[in-house]
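Accompanying notes for the structure given below.
Read-outs throughout are calculated quantities, based only on the coordinates presented, and are distinct from any laboratory measurement. Keep in mind that what you see is a predicted model, and the values were worked out from it rather than measured. In this analysis, Cβ positions are derived from the backbone assuming ideal geometry, glycine residues included, and neighbour counts consider all displayed protein chains.
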Amino acid sequence: MGANRFRFAGVAALVLVAGCGASGSDSGAVRLAAPRPGSERAAAACRALAARLPEKVDGLARRDVTPKSAYTAAWGKSGDGGHAEVEMRCGVGTPAVLTPGSATYNPTADSAAVNGVEWLFEKAGGSGAERYTTIDRAAEVQVRVAKRGSAGSSAMVDPLLDFASAVKSAVRSTS
């Protein structure tokens, strides 16, 4: 009877471990549409950024992205509609909220500097994710951060710390 109890415990542990992996996958490539930078200058800045991106962002390992592009990168497990926990797109263009004449134009939209890089803060759809886009750079770099449980807004901004050095060295400030 003792051997059966251990066998059952082993099977239960295996089922528990297998079930934990089902909620978020870290295998396979993340599907992420590549933007088309608006100028050769922006495209060159994005390619330079791609060469400087960190292998880890906020402790999350870098993931393969499909289709392969110098303008996209991802870190962390998939979840939230197939999105990785952190996604980066370079060359996205100026956000509508900062474009005069657009329906959502707001010249006083929320932004803040994080380690010397100015970021516009926006909600990314109804998922609770946040989207951050650089301001006053040769190319707009956009970072999407998935909602992190009950973590406060500072946890959502933490990944931006890991991008600051790469953005500052590769994507020239225009201000």
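For the reader, a short list of remarks on this structure follows.
- Table column - 3J(HN,Hα) (Hz), segment 54-64, Karplus curve with 6.51, -1.76, 1.60, x for Gly and Pro: x, 6, 10, 10, 6, x, 9, 6, 5, 10, 6
- For segment 39-47, 3J(HN,Hα) per residue [Karplus equation, 6.51 cos²θ - 1.76 cosθ + 1.60, θ = phi - 60°, Hz, x = Gly/Pro]: 8, 5, 4, 5, 4, 5, 5, 5, 5
- Computed over segment 25-170, the percent of Cα pairs more than 24 Å apart is 26.
- Spatially proximal lysines relative to residue 56 (Cα-Cα < 17 Å; intrachain offsets below 8 disregarded): 77
- Computed FRET value (nearest 0.05) for residue 64 with residue 103, which takes r as the C-beta separation and R₀ as 25 Å: 0.10
- Charge tally in the Cβ shell below 15 Å around residue 141, where Lys, Arg are +1 and Asp, Glu are -1, residue 141 excluded: +3
- Calculated from backbone phi, Karplus (6.51, -1.76, 1.60) coupling profile of segment 134-147 in Hz, x at Gly/Pro: 5, 10, 6, 10, 4, 9, 7, 9, 10, 10, 9, 10, 5, 4
- Length added when fully stretched, residue 175-residue 96, from 0.36 nm per residue minus Cα-Cα: 26.5 nm
- Measuring between their Cα centroids, segment 37-95 and segment 100-123 lie 20 Å from each other.
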